[in-house]
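Each value in this text was obtained by applying a stated rule to the coordinates, not by laboratory testing. On a predicted model such as this, the values are computed, not experimentally measured, just so you know. Please note: Cβ atoms are built from the backbone with ideal geometry, for glycine as well, and neighbour counts cover all protein chains shown.
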Amino acid sequence: MAGWQVRAVTSSAQLAELKSTLQKPYIARHYKPHDAGRLINLLRTLTLQVERAPAVRRSSDPDADFLLALAEAGEADDLVTGDKAGLLALRRHAGTRIVTAAQFAKLFK
């Protein structure tokens with residue numbers, strides 16, 4: 001599959017939320033603090049970070065609209081989600097297909 005490139009899109013706000021989540025007691029007991037920190041640093045290195053995204057209000061779950069905004073700002077081909085009732089029901093946003101992990105994996109077969 002020469003020519004294929006997969007790049008995750010995120011933002012500093014999303015990484016901060018992940019960091020906060022990893023520090024919650026019921027999750028933190030499974031990870032050493034330095035491992036959680038290394039994960040965040042690795043994600044900063046490997047992802048495209050979008051800091052300016054358009055205002056989007058399309059999803060039935062307003063908390064998921066930021067994912068649509070990140071996909072749009074990052075010019076993502078695909079948004080991979082398990083949110084069946086919200087994002088998957090939209091099927092597309094701007095130039096982005098909204099797919100399940102299984103659908104996304106099939107692209108590489």
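Overview of values
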read-out: Ranked list, fewest to most other Cβ atoms within 10 Å of each Cβ, for LYS19, LYS84; value: LYS84, LYS19
read-out: Sequence-distant lysines (8 or more away, or on other chains) whose Cα lies within less than 20 Å of LYS32; value: LYS19, LYS24
read-out: For the chain: rounded, prolate or oblate by the Cα gyration tensor [a/c cutoff 1.5]; value: prolate
read-out: Choice from SER20, SER59, SER12 with maximal GNM fluctuation in the chain (Cα, 10 Å cutoff); value: SER20
read-out: Sequence of TYR31, TYR26 once ranked by neighbouring C-beta atoms within 10 Å, starting from the fewest; value: TYR26, TYR31
read-out: Average Cα contact separation per residue, the chain, under 8 Å, 6 or more apart, as relative contact order %; value: 22
